[in-house]
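Read through the structure below, which is laid out as structure tokens, and then see the notes.
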Amino acid sequence: MMDFEEARRRLVELLVAEGIIRSEKVKRAALNVRREDFVPESERRYAYEDMPLSIGYGQTISAPHMVFLMDELLDLREGMLVYEVGAGSGYHAATIAEIMGEGRVITTEIVRDLALFAWKNLNKAGYSDRVAVIACDGVKLKLREKPDRILVTAAAPDVPHPLLELLKDGGKMVIPVGVFPQKLLVVEKRDGEIARRYVTDVAFVPLRGEWGFNRR
Ligand code: SAH
């Protein structure tokens with residue numbers, strides 16, 4: 001039987017030393033969310049290797065360093081509404097809920113069975129009161145309330161226009177765009193103006209649906 005607690009602590013220390021985890025609240029979330037509970041049984045023993053793992057359907061849960069790099073870039077505060085495109089396992093959404101404490105996350109997933117997988121994982125881990133999972137093309141969902149933050153965990157050809165519209169003024173979006181190696185961007189909306197900042201090169205699965213690479 002593997003000591004997951006110890007493995008988690010070691011990985012978090014490594015990510016702090018590497019400068020990926022920079023804030024106390026992201027560190028706390030990294031220590032509190034059990035990645036082993038968000039991966040298929042066969043992948044559990046690799047839960048604290050800093051690499052993406054298969055979650056079936058050709059999709060992956062991102063490597064921990066990518067999850068926490070994006071969480072730091074999102075600049076999360078208590079009480080925010082965060083919108084995610086690409087629920088996958090639900091792990092990233094759980095870390096966001098954990099960082100905010102009070103706050104709500106809406107996560108979307110285009111693969112129906114994965115939406116169910118994410119929902120089951122989140123429910124079991126105790127996040128179902130703060131995280132909602134919706135099976136749909138996350139770029140096209142209409143919401144009544146504009147989110148403070150948008151996280152996209154699949155690479156889009158470019159920043160999808162509907163997501164720019166959806167983002168609250170003063171809000172931020174973290175999104176990978178382009179073809180391999182994709183560019184991780186922080187997009188900010190201020191007084192209706194859009195500013196994009198390049199952060200680093202990344203490797204994500206492609207976004208699907210109308211605004212993605214694969215329209216099926
Ligand atoms: N954030 C996830 C990892 C996601 S991998 C985690 O923590 O595990 C990217 C996911 O985006 C895949 O599951 C893929 O099916 C989903 N996806 C791709 N295009 C999408 C779209 N248009 N809307 C919603 N989800 C999408």
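Ranking request for peptides 105-115, 193-203: highest mean number of other beta-carbon atoms within 10 Å first, then the rest in descending order. Please list the in-between numbers first.
Working: 105-115: 21.1, 193-203: 12.5.
Listed from highest to lowest mean packing, they are 105-115, 193-203.
Shape verdict for segment 134-204, please, from the Cα gyration tensor: rounded (a/c under 1.5), prolate (a/b greater than b/c) or oblate.
Because a/c hits 1.5 or more and a/b fails to exceed b/c, segment 134-204 counts as oblate.
Considering amide H positions built from the backbone, and no H for Pro or chain starts, which residues 5 or more places from residue 60, or on another chain, come under 5 Å of its amide H?
55
How would you order 8-18, 68-78 from highest to lowest mean count of nearby Cβ atoms within 10 Å?
Numbers: 8-18: 15.7, 68-78: 20.1.
Ranked by mean Cβ neighbours within 10 Å, highest first: 68-78, 8-18.
Compute the projected area of the convex hull of the Cα atoms of segment 41-109, averaged over all viewing directions, and report it in nm² to one decimal place. Can you show the working numbers first?
Numbers: hull surface 19.0 nm².
The Cα convex hull of segment 41-109, projected and averaged over all directions, gives 4.7 nm².
Cut-off under 23 Å on the C-alpha distance; same-chain residues fewer than 8 positions from residue 140 excluded. Which lysines are left, in chain and number order?
Residue 140 reaches 168, 172, 183, 189.
Give me the extension gain from residue 164 to residue 146: residue separation times 0.36 nm, minus the current Cα-Cα distance, reported in nm with one decimal.
Values: separation 18, 0.36 × 18 = 6.48 nm, distance 1.05 nm.
The span from residue 164 to residue 146 would gain 5.4 nm if fully extended.
Report D for the chain in µm² per second (integer): Stokes-Einstein, Kirkwood Rh on Cα pairs, 4 °C, 1.567 mPa s. Show your work: numbers first, answer last.
Values: Rh = 17.1 Å.
In µm²/s, the coefficient rounds to 76.
Return the FRET efficiency for the residue pair residue 203, residue 41: r is the Cβ-Cβ distance, R0 is 30 Å, and the value is rounded to the nearest 0.05.
Details: r = 25 Å, r/R0 = 0.84.
The value I calculate is 0.75.
Which value in deg cm²/dmol, rounded to the nearest 500, describes the helix-derived mean residue ellipticity at 222 nm for the chain, given -39,500 (n - 2.57) per DSSP H run of n ≥ 4 and division by the residue count? The partial results should precede the final answer.
Details: 6 runs with 63 residues, N = 216.
Mean residue ellipticity at 222 nm (helix-derived): -8500 deg cm²/dmol.
Residue 124: which lysines have alpha carbons under 25 Å from its alpha carbon, excluding same-chain residues fewer than 8 sequence positions away?
25, 27
Determine ³J(HN,Hα), in whole Hz, for all residues of segment 25-36 in sequence, where each value follows from phi through the Karplus function 6.51 cos²θ - 1.76 cosθ + 1.60 and θ = phi - 60°; x replaces Gly and Pro.
Those phi angles translate into 5, 6, 4, 4, 5, 4, 7, 8, 8, 8, 4, 4 Hz.
Send over a whole-number figure in Å² for the accessible area per residue of the chain, probe 1.4 Å.
On the way: 10510 Å² over 216 residues.
Each residue of the chain exposes 49 Å² on average to a 1.4 Å probe.
Hey, how many Å between the Cα centroid of segment 67-143 and the Cα centroid of segment 194-216?
Comparing the Cα centres of segment 67-143 and segment 194-216, I get a distance of 18 Å.
So what's Rg/Rh here for segment 1-80, counting alpha carbon atoms and using the Kirkwood radius for Rh? Walk me through the numbers before you get to the answer.
On the way: Rg = 12.8 Å, Rh = 13.2 Å.
Taking Rg over the Kirkwood Rh, I get 0.97.
Put a dot 7 Å past each Cα toward the Cβ at residue 1 and residue 77; how far apart are the dots in nm?
4.4 nm
Based on the mean of other Cβ atoms within 10 Å per residue, sort peptides 53-66, 19-32 so the most packed one is first.
Going by the mean number of other Cβ atoms within 10 Å, highest first, we get 53-66, 19-32.
So for the pair residue 195, residue 116, with labels modelled 7 Å out along Cα→Cβ, what separation do we get in nm?
So the label points at residue 195 and residue 116 sit 4.5 nm apart.
For residue 16, project a label point 7 Å along Cα to C-beta. Then give me every residue of segment 35-52 with its amide nitrogen under 12 Å of that point.
Those under the cut-off are none; the list is empty.
If R₀ is 25 angstrom, what is the calculated FRET efficiency for the pair residue 23 and residue 210, using the beta carbon separation as r and rounding to 0.05? Don't skip to the end; give the middle numbers.
Working: r = 36 Å, r/R0 = 1.43.
After rounding to 0.05, the efficiency reads 0.10.
The values are calculated or read from the model by the stated rules, or taken from the named source; none is laboratory data. Because the structure is predicted, anything quoted here is derived from the model rather than measured. With ideal geometry, Cβ positions are generated from the backbone for all residues, glycine too; neighbour counts draw on all protein chains shown. Heads up: the accessible areas ignore ligands, DNA and RNA and are worked out on the full protein's heavy atoms, side chains in. Shrake-Rupley method; radii C 1.70, N 1.55, O 1.52, S 1.80 Å.
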